[in-house]
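Some notes on the structure that comes next.
The values are calculated or read from the model by the stated rules, or taken from the named source; none is laboratory data. All values derive from a computational prediction rather than experimental measurement. FYI the Cβ positions are ideal-geometry reconstructions off the backbone, even for glycines, and counts take in every protein chain you see. The area values use the complete protein model at the heavy-atom level, side chains included, leaving out ligands, DNA and RNA. Shrake-Rupley method; radii C 1.70, N 1.55, O 1.52, S 1.80 Å.
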Amino acid sequence: MQQKSASPVDNSTSTAPPKLILYSFWQSSCSWRVRFALNLKGLPYEYRAVNLSNGEQFSPEFEKINPLHYVPALADADLVVSDSLAILLYLEEKYPHKALMPVDRRLRVLNLQAANIVSSSIQPLHMVSVLRNIEEKFGSEERSSWAQSKIETGFFALEKLLNSLAGKYATGDEIYLADVFLAPQIAVAIKRFNIDMSKFPTLSRIFNSYKALPEFLDSLPERQPDAVN
């Protein structure tokens, strides 16, 4: 589904690029959400790498795309949308097939709530820039304990929220918006921050379901064209 390119943001030589262009960084969990959603919806896109490690997000070219210097950003013809939640809501409105929001109003609200817990109360608190500041002021041990504490606080809230609703996925047996946010966040928690997922049986169970999905596997960081071994 993805036309992979590791080209810098200002260098595309494709003669017939797809309509959608995703500006992404392989290790960005926010970008990962969007890759996963695009795969689930079956939407082809061009991958344009923005190397955050080299500061490419601060280049004049990328500043025109997103003045906040964050990925992901999605270009759809002459429209550019940044912020993963805004991108996903935009995709849901313009490309409603294979919907990521359920029809049931209660489930819609719960999907939005779960997505917001991840995007507002977990992921921003363990961003590289935040952890770097904590390490500079308090040391590497405090950096690790901070990240683990914030992730576990959010996971305990999600566990309670989803416990009575979860089926194969977060809010039943269909995959929706909550899953798109949860899958990368759980993966990052396990691999990068060594979170003990035995504390979160519901999240652990649904994460196993994600790992069986080709759309999720194709969105993995290590499978992106700018991945570094």
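What residues from the stretch 34-50 fall in the zone where the backbone N is under 15 Å from a label point 7 Å along the Cα-to-C-beta line of residue 174?
So the set is 41.
Report, by chain and number, residues whose modeled amide H sits under 5 Å from the one on residue 48, excluding near sequence neighbours (fewer than 5 apart, same chain).
Placed amide hydrogens put 22, 23, 24 under 5 Å from residue 48.
Per residue Cα convex hull volume for the stretch 105-219, in cubic angstrom? Kindly include the intermediate steps, with their values, before the conclusion.
Working: hull volume 10.9 nm³, N = 115.
About 94 Å³ per residue, rounded to a whole number.
Short version: ³J(HN,Hα) in whole Hz for each residue of the stretch 135-147, in order, from phi by Karplus 6.51 cos²θ - 1.76 cosθ + 1.60 (θ = phi - 60°), x for Gly and Pro, what are they?
Coupling constants for the stretch 135-147: 5, 5, 8, 10, x, 5, 5, 5, 4, 5, 5, 4, 4 Hz.
Rolling a 1.4 angstrom probe over the protein chains, ignoring ligands and nucleic acids, what is the accessible area of residue 155 in square angstrom, nearest 10?
0 Å²
Just the number, please: Stokes-Einstein D of the stretch 22-97 in µm²/s, Kirkwood Rh from C-alpha pairs, 25 °C, 0.890 mPa s.
On the way: Rh = 12.5 Å.
The diffusion coefficient I find is 197 µm²/s.
Excluding residues on the same chain fewer than 8 positions from residue 94, give the lysines whose Cα lies under 25 Å from its Cα.
Those lysines meeting the cut-off are 4, 19, 41, 64.
Taking 30 Å as R0, compute the FRET efficiency from the Cβ-Cβ separation of residue 78 and residue 116 and round it to 0.05. Please list the in-between numbers first.
Details: r = 29 Å, r/R0 = 0.97.
My answer for the efficiency is 0.55.
Which value, in Å² and to the nearest 10, is the accessible area of residue 80 when all protein chains are kept and the probe is 1.4 Å?
Counting only protein heavy atoms, the figure is 70 Å².
Could you work out what % of the accessible surface of the chain is carbon and sulfur, using a 1.4 angstrom probe and leaving DNA, RNA and ligands out of the count? Could you put the intermediate results ahead of the total?
Working: 5820 of 11180 Å².
Here it works out to 52 percent.
Step through the residues of the stretch 163-180 one at a time and calculate ³J(HN,Hα) from phi using the Karplus curve (6.51 cos²θ - 1.76 cosθ + 1.60, θ = phi - 60°), rounding each to whole Hz and writing x for Gly and Pro.
Taking θ as phi minus 60°, the curve returns 3, 8, 10, 5, x, 5, 10, 4, 10, x, 9, 10, 8, 9, 4, 4, 5, 4 Hz for the stretch 163-180.
Mind listing the long-range amide H neighbours of residue 28? Cut-off is under 5 Å, sequence gap 5 or more, other chains count too, H placed in the peptide plane at 1.01 Å from N.
Hits under the 5 Å cutoff: none.
From the helices alone, meaning DSSP H stretches of at least four residues, give me the mean residue ellipticity at 222 nm for the chain, per-run term -39500 (n - 2.57), in deg cm²/dmol to the nearest 500. Present the calculation step by step, with values, prior to reporting the outcome.
On the way: 9 runs with 108 residues, N = 229.
-14500 deg cm²/dmol, from helical runs alone.
If I compute P(r) over Cα pairs in 10 Å bins from 0, in percent from the structure I just sent, which labelled value in (1) 8, 33, 36, 19, 4, 0; (2) 7, 24, 20, 16, 13, 9, 6, 3, 1, 1, 0; (3) 7, 25, 28, 16, 10, 8, 5, 1, 0 lines up?
Recomputing P(r) over Cα pairs in 10 Å bins from 0, in percent here gives the entry labelled (1).
Over the chain, with the other protein chains present, what is the accessible area per residue in square angstrom, probe 1.4 angstrom?
Values: 11180 Å² over 229 residues.
Accessible area per residue: 49 Å².
Got a number for the accessible area of residue 223? Probe 1.4 Å, square angstrom, nearest 10.
Approximately 110 Å² of residue 223 is accessible to the 1.4 Å probe.
Determine the dipole magnitude for the chain: charges of +1 sit on the beta-carbon of Lys and Arg, -1 on that of Asp and Glu, nothing else is charged, the reference point is the Cα centre, and the result goes in debye to the nearest 20. Please list the in-between numbers first.
Working: 24 positive and 25 negative charges, 113 e Å.
Roughly 540 debye, rounded to the nearest 20.
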